[in-house]
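A quick write-up on the structure given underneath.
The values are calculated or read from the model by the stated rules, or taken from the named source; none is laboratory data. Remember, it's a predicted structure, so these values are computed and weren't measured experimentally. All Cβ positions, glycine included, derive from the backbone under ideal geometry; neighbour counts span all protein chains shown.
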Amino acid sequence: MVKRLLIANRGEIACRIIRTARRMGVETIAVFSDADAGALHVRMADGAVHIGPSPASESYLDGAKIIAAAKESGADAIHPGFGFLSENAQFAQAVMDAGLTWVGPDPASIEAMGLKDAAKRLMAEAGVPITPGYMGEDQSLDRLIPAADEIGYPVLIKAVAGGGGKGMRRVERKEDFSAALESCRREAKAAFGDDRVLIEKYITRPRHIEVQVFGDRHGNVVHLFERDCSVQRRHQKVIEEAPAPGMDEVTREAICAAAVKAAQAVNYVGAGTIEFIADATEGLKPDRVWFMEMNTRLQVEHPVTEQITGVDLVEWQLRIAAGEHLPKSQEDLRFSGWSVEARLYAEDPARDFMPSTGRLEIFDLPGGVRVETGVERGDAITSFYDPMIAKLIATCETREQAVDRLRAACEAVAIYPVKTNAAFLARVLGNAEFRAGGVDTGFIERHGEALTRSGEPSAQVLELAAQSFLPEGQGPWQRLVGFRMNAEQRREVRMRFGDSLVLAAPPSSDPASPAHLLPPGEKGPLGPAFVHGPQAPNSRLPPLPFSPGGRRWPRSGRMRGAPRTQAPRLIRKSPHQALIAYGGEVFAFTPDRTEASHGAAAGDGAIAAPIPGKISAIAVQNGQEVSKGDTLLILEAMKMEYTLSAPFNGVVEEVTAAVGDQVTEGAVLVRIGEEGR
């Protein structure tokens, strides 16, 4: 068995491997770039080695540095995780040549499945059904156009060395073929250094179904059943589940047998995934499923297979790498229950899924589900790596229960100020077509804005925000607005949500009393107004069911108590900001003032940022004398300016910020020494 394992990866998969290795008594060594110096996987491992600058090309993709790190740390094996160098045959061979154990398939198998056209020819020879198409060596336009005509439009042009949706074009008409081909070739050349393509018949309602396979060095190959990965954006998987909805036993037996045959054709060792495309126009049928490609590594979505089979796939990888037989035969493998995984990304679906970066000031993930993540509160999401920050996996007896549970988990996510796709995921899981099992790769595109829109604060969110800004106490001097002698008390609050003015009333003790609303059409100086009163409809969601049926589900990630009933939660409160989490989104409110003056109450003269924001101006410098009330600097946040002033007469001892800096709440910006000290 491996004694000391170096993990040539980062983030959640590195943490995932560390957990299993620790349970097996295997020491772990992490590698890290400059950006990951304090990352969770580094803190979890038994040791860590720095391998270079932040860009992946200078660190995680530098095989020589990783092998050197293994030797330096005394590791006897390398696990590549997924992504980066996990499917690089040359790196795998270099690891083995260095006398280290490679936790993965043989380089020859990686190479055989690395090019889509060669892999398909190999599968055809092995009797595995492949999608109708052209995979010839002649790449001239004079050959490709007739090939497309013969296949029949629409067709799909794909880079032979492609992956991740790059180098792929759908062509509806012959007239568009030449332009699409050139675009595909340019992208493929830039991404993979290879502009060769193949052509496939485009399936109108395609389902992406894959089978987990495992082989050992003793000639044994098994499958661990199928997963459905059809819900995708830009050919990137978003939600995966096992088993596949609508899969009957005849089709399952056919597709799993084909997967085993494919793995046997390349003498496969270790964990791999055979990916198929299915024409779901008339449901899943054995003769309408074709081989697409093989991923010669562990998949991001492997937890759903683990959940329904009770198998730790990472443990199997380590045992197979050590030369052991497969722990179970095909006859011993069974599955039960249903498991659904959602990929939580740092991105903004309303802005075409643009990645979001920044520090995770608030990072609250739900309980009651398996959570796989590589970050914690306070960690930074950078632009150097993939924006996936966690995976949430719900497992129950039935698909309906698992989907409900995962939806509740996504709605319970509270992350700030980094934007996430949690609300988007919840909408997908709540979609009637998805819940009926009507998934295909065009699902997200078909439903468009209904899934990707940015949410507006609900009645409950506005009520809670307004309540948070009410001062404590019942006397008239504590109320923000509306105190008049011999007049009815009014408890309205003027707030800002982004550019919009909000006039909201907390829940009233007299539900019949009218709310004080802005006149119709009135706009605040920064944009349109939201208006809300106590009579707005209640939109609280009911609790969602969870019935594991007494089964103790496998635990590989963090799993805690059941999610709370979904209702707005106040997750941060200060005089300058209220953050409300609801439905997977975080809504930020501030008091209605376009400019405010803030002194520092701290007796030590440390002037701290009252809210996360950007330094727009600094009015003082080190050594300067200031009087109480003098402006020190101006902080811009939520498109408002906050003037930070001196709390007493004194001398500026230190200015720790610069104009343009993005600062977090509580960060010390200026220190002032009191006169006479």
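Quick rundown of the values:
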| quantity | calculated |
| --- | --- |
| Residue in region 15-22 that is part of a helix (DSSP H, G or I), outside the structural domain of P303 (by TED's automatic domain parsing), modelled with pLDDT of 95 or more and in contact with a Ser or Thr (Cβ under 6 Å, 6 or more places away or on another chain) present | yes |
| Scope region 348-370; condition closer than 19 Å to E301 by Cα and either part of a strand (DSSP E or B) or hydrophobic (A, V, I, L, M, F, W, C) (or both); matching residues | L365, V369, R370 |
| Test: residue in region 221-235 that is small (G, A, S) and surrounded by fewer than 19 Cβ atoms within 10 Å (Cβ to Cβ) | no |
| From A667, A646, A619, residue being closer than 23 Å to G358 by Cβ and out of contact with any helix residue (DSSP H, G or I) (no Cβ under 6 Å at 6 or more places or on another chain) | A667 |
| Failed item in (1) in the same structural domain as S230 (by TED's automatic domain parsing); (2) of a type in the set (A, V, I, L, M, F, W, C); (3) under 27 Å from V413 (Cα atoms), with A342 passing the rest | (1) |
| Region 276-291 residues that are in the same structural domain as D228 (by TED's automatic domain parsing), paired with ones that are surrounded by fewer than 17 Cβ atoms within 10 Å (Cβ to Cβ) and in a strand (DSSP E or B) (beta carbon under 9 Å, 6 or more apart) | R288/T281 |
| Matching option when the condition is in contact with a helix residue (DSSP H, G or I) (Cβ under 6 Å, 6 or more places away or on another chain), of a type in the set (D, E, K, R) and in contact (Cβ under 8 Å) with a residue 24 or more places away in the chain, among R252, R233 | R233 |
| Any hit, region 193-203, residues being assigned to a loop (DSSP other than H, G, I, E, B), at pLDDT 95 or above and of a type in the set (D, E, K, R) | no |
| Candidate set from region 106-132 (those that are in contact (Cβ under 8 Å) with a residue 60 or more places away in the chain and charged (D, E, K, R)); member that is surrounded by the fewest Cβ atoms within 10 Å (Cβ to Cβ) | E125 |
| Verdict on I415 being buried (at least 21 other Cβ atoms within 10 Å of the Cβ), touching an Asp or Glu at 6+ places or on another chain (Cβ under 6 Å) and not in a helix (DSSP H, G or I) | no |
| Every residue from region 53-72 that is more than 24 Å from P105 (Cβ to Cβ) and over 25 Å from the mean Cα position of the chain (by Cα) | E72 |
| Selection count where residues are of a type in the set (D, E) and without any contact (Cβ under 8 Å) to a residue 60 or more places away in the chain, scope region 47-105 | 4 |
| Residue within region 348-365 that is at pLDDT 95 or above and among the basic types (K, R) present | no |
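To keep it simple, each residue is scored yes or no on (1) buried (at least 22 other Cβ atoms within 10 Å of the Cβ); (2) at pLDDT below 90; (3) not in a loop (DSSP other than H, G, I, E, B).
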{"position": "A581", "(1), (2), (3)": "yes, no, yes"}
{"position": "S597", "(1), (2), (3)": "no, yes, yes"}
{"position": "G603", "(1), (2), (3)": "no, yes, no"}
{"position": "N622", "(1), (2), (3)": "no, no, no"}
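Yes or no, residue by residue, for (1) surrounded by fewer than 24 Cβ atoms within 10 Å (Cβ to Cβ); (2) in a helix (DSSP H, G or I):
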site	(1), (2)
F291	no, no
Q299	yes, no
V311	yes, no
W316	yes, yes
R319	yes, yes
